[in-house]
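Have a look at the structure below before the remarks.
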Amino acid sequence: MPTWNNIRADFPILHQQVNGKPLVYLDNGATSQKPRAVIDALVHYYERDNSNVHRGLHALSMRATDAYEGARTRIATFLHAADPAEIIFTRGTTESINIVARSFATRLKAGDVILTTEMEHHSNLVPWQQAAKASGATLRYVSVLGANAEGGLDLAALDQLLTPQVKVFAFTHISNTLGTINPVAELCRRARAVGAITVIDAAQSVGHAPLDVQAIGCDYLAFSGHKMCGPTGIGVLYGRRALLEKLAPDETGGGMVVNVTYEGATWKPAPERFEAGTPNVAGAIGLGVACDYLDALDRAAIERHDHALARLAYEKLSTLPGIRLLGPTGERGGLVSFAFPDVHAHDVVTFADEDGVALRGGHHCNQPLMRKLGLTSTTRASFYVYNTAEEIDVLVASMRRTLKFFVG
Amino acid sequence: MSADLTELYQQVILDHNRRPRNRGKLPTANRVAHGDNPSCGDQCSVYLRLDGDRIAEISFDGSGCAISQASASLMTTQLKGKTSAQAQALYDQFHEIVTTGKEPEEISDIAAFAGVHTFPARIKCATLGWHAALNALKGDAVPATTESHTD
Ligand SMILES: Cc1ncc(COP(=O)(O)O)c(C=O)c1O
């Protein structure tokens with residue numbers, strides 16, 4: 001059982017020096033580190049149970065199938081989904097969103113509207129641009145308010161934007177660049193009122209706070225395992241059962257068919273219909289164990305911890321001369337994104353690295369938003385369960401040193 | 001500060017970053033090329049006024065880290081007056097410096113970029129402006145992107 005007191009001991013990777021300094025890992029928005037329990041689950045699977053799923057009748061295949069389907073059930077519980085069949089395993093958020101967007105690309109027509117927001121990650125933006133291009137539908141955006149995007153989404157304009165022509169509304173739960181927490185339940189309620197399907201990018205939220213897809217009332221929800229203590233290469237597309245039953249398969253091949261002749265094939269129901277080919281069995285099992293780990297810590301406690309660190313970082317960083325902090329001034333998700341007028345983010349990140357501090361510098365897969373804010377890049381510090389208040393002091397000291405070097 | 005970082009951010013580089021030379025659009029330009037570094041968002045446009053095969057005037061514009069901006073700035077001071085063959089030869093020399101750290105025999109400001117070679121992720125920053133300049137010389141309409149180059 002993990003405990004908060006001893007949490008850093010659960011993450012082997014944290015116990016190393018980088019450039020002669022203790023590693024301060026603050027790039028959790030890009031990917032989180034993995035607890036021993038998840039690493040052990042992968043090793044255990046490959047050493048004891050590795051086999052293909054759904055195909056074999058031998059002992060190993062049955063064990064692997066049970067573990068894989070057990071992970072699906074575990075994730076359904078984690079999201080409070082009504083049914084494990086609503087959980088489709090994918091490679092990650094990007095693939096999950098692409099599956100939904102491609103399905104819309106074939107169904108939408110000219111006159112239909114795809115609505116998204118100005119704060120989306122490229123992976124919840126470019127697939128919709130492609131769907132609009134392929135179908136002739138129009139792509140519209142909910143604006144982000146404020147010179148530093150501190151005002152969040154322009155909810156006042158939403159009624160005007162949410163017309164009956166809107167067939168799909170795709171939005172992020174927590175912005176990976178701003179830390180903005182969107183009111184997802186309200187957005188879903190308002191979209192449903194005009195008959196629009198909702199798609200939530202939960203990449204930055206699932207592992208960071210309690211989440212209940214039924215309470216939120218979304219139709220689809222996408223996330224990646226690797227940002228929530230799970231392995232890379234595994235993610236989830238949650239879809240409401242009634243919708244998945246009507247959705248055509250995306251990829252076709254083995255494992256998703258019932259009956260195949262030389263003329264054609266019939267499809268299995270969801271979720272298998274959307275999982276052609278051999279899935280990432282080890283990844284799914286690892287993700288299930290990551291869910292156990294996070295729930296043992298209690299996701300409400302994780303949320304309090306991450307938000308408190310983000311607030312502390314925001315306050316301490318705001319004392320640095322010239323700093324421009326992006327996103328909400330009040331409650332925010334567990335990350336802080338900022339820019340200095342005279343020092344580029346890459347130089348900041350290179351200096352921080354010398355202090356053992358891992359940060360992200362760049363456009364955060366959010367080029368249009370950066371352009372709107374008049375920036376080309378920001379530096380981002382993003383927090384998770386194992387980060388501490390002392391690490392924020394190391395971060396701030398490193399920023400001071402960098403500013404001293406470049407600005408004097 | 002570590003020796004590696006001191007090597008990377010040499011005085012020449014910091015100076016060009018703080019006071020970029022030949023920065024801004026060139027109204028008389030007859031060639032222009034744009035370079036992008038998609039993984040980090042660095043951008044650089046290079047403007048040339050070619051007089052026959054010779055670079056009569058050169059300027060750059062863009063945004064990016066100290067390495068990319070200083071490199072583009074220093075490059076403009078080096079390329080002015082050069083023919084396209086001389087420009088290519090200078091780039092080859094520069095590329096050698098940033099990838100191997102070997103300094104050239106004759107004394108040159110471009111040697112300041114030798115420290116880049118210990119930071120492989122930054123080589124793209126250092127070469128961005130050069131790629132744009134060489135494309136402008138070739139008259140390529142396509143924007144240079146460091147991702148499609150081998151370095
Ligand atoms: C908000 C958001 N959406 C989508 C993604 C894409 O996730 P992945 O690369 O795992 O598909 C990320 C992570 O980079 C993200 O932060």
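The values are calculated or read from the model by the stated rules, or taken from the named source; none is laboratory data. Just so you know, these numbers come straight off a predicted model, no measurement behind them. We place every Cβ from the backbone using ideal geometry, glycine too, and count neighbours over all the protein chains shown. Just the protein is used for accessible areas: all its heavy atoms, side chains included, with ligands, DNA and RNA removed. Shrake-Rupley method; radii C 1.70, N 1.55, O 1.52, S 1.80 Å.
Couple of notes before you dig in:
- With every protein chain in place, region B:27-82: carbon and sulfur % of accessible area (1.4 Å): 46
- Cα-centred dipole magnitude for chain A, charges only on beta-carbon of K, R (+1) and D, E (-1), debye, nearest 20: 600
- Between B and A, accessible area buried - total, square angstrom, nearest 100, 1.4 angstrom probe: 1300
- Heavy-atom accessible surface of region A:179-313: percent carbon and sulfur, 1.4 Å: 53
- Members of region A:333-377 that become less accessible by 20 Å² or more once partner protein chains are added (1.4 angstrom probe, chain alone as reference): A:344, A:346, A:347, A:350, A:351, A:354, A:363, A:376
- For chain B, with +1 on Lys and Arg beta carbons and -1 on Asp and Glu, the positive-most of B:130, B:24, B:62 along the dipole: B:24
- In sequence order, region A:113-126 has phi-based couplings of 10, 9, 10, 9, 10, 6, 9, 7, 4, 3, 6, 10, 10, 4 Hz under the Karplus curve 6.51 cos²θ - 1.76 cosθ + 1.60, θ = phi - 60°, and Gly or Pro positions carry x.
- Remark on residue A:24: its backbone amide H falls under 5 Å from those of A:357, A:358, a criterion applied only to residues 5 or more positions apart or on other chains, H modelled at 1.01 Å from N.
- Two-site FRET efficiency, residue A:129 against residue A:31, from Cβ-Cβ distance with R₀ of 30 Å, rounded to 0.05: 0.75
- Note on region A:244-301: along the principal axes its Cα atoms extend 55, 24, 14 Å, ordered by decreasing extent.
- Among the listed pairs A:167/A:246; A:404/B:80; A:109/A:246, those with a Cα-Cα distance over 26 Å are A:404/B:80.
- Solvent-accessible area of residue A:377 with every protein chain in place, 1.4 Å probe, in Å² to the nearest 10: 10
- Theoretical FRET efficiency, 1/(1+(r/R0)^6), r = Cβ-Cβ of residue B:107 and residue B:53, R0 41 Å, to 0.05: 0.95
- Region A:281-355 versus region A:124-155: alpha-carbon centroid distance in Å: 24
- Residue range of chain B that is longest and free of GluC sites (Glu not before Pro) which are both DSSP loop and sparsely packed (at most 12 other C-beta within 10 Å): B:1-104
- Derived scalar couplings ³J(HN,Hα) [region A:25-33; Karplus, 6.51 cos²θ - 1.76 cosθ + 1.60; whole Hz; x for Gly, Pro]: 8, 10, 10, 6, x, 7, 7, 8, 7
- For chain A, the longest site-free run once trypsin sites (Lys or Arg not before Pro) in DSSP loop states with at most 14 other Cβ atoms within 10 Å are removed: A:110-408
- Cα-based shape type of region B:3-140, given that a ≥ b ≥ c are square roots of the gyration tensor eigenvalues and the cut on a/c is 1.5: prolate
- Per-residue ellipticity at 222 nm, computed for chain A from helices alone with -39500 (n - 2.57) per DSSP H run of at least four residues, works out to -11500 deg cm²/dmol.
- Residue A:86 exposes around 10 Å² of accessible area when a 1.4 Å probe is run over every protein chain in place.
- Shape class for chain A: oblate, because the ratio a/c of the largest to smallest gyration tensor axis (alpha-carbon atoms, square roots of eigenvalues) is 1.5 or more and b/c is at least a/b.
- Straight-distance crosslink candidates among aspartates and glutamates, where the alpha carbon sits under 13 Å from residue B:138 and sequence neighbours closer than 8 are dropped: B:53
- Once the trypsin sites (Lys or Arg not before Pro) in DSSP loops with at most 15 neighbouring Cβ atoms within 10 Å are cut out of chain B, the longest remaining piece is B:26-101.
- Accessible area expressed per residue, region A:262-408, with surrounding protein chains retained (probe 1.4 Å, Å²): 35
- Difference of contour (0.36 nm per residue) and Cα-Cα distance, residue A:43 to residue A:215: 58.3 nm
- Net charge dipole, region B:3-140: roughly 480 debye, given to the nearest 20, about the Cα centre with Cβ charges of +1 for Lys and Arg and -1 for Asp and Glu.
- Couplings for region A:152-164, taken from phi via the Karplus curve 6.51 cos²θ - 1.76 cosθ + 1.60 with θ = phi - 60°, read x, 6, 7, 5, 5, 7, 5, 4, 5, 6, 7, 8, x Hz in order; Gly and Pro are left as x.
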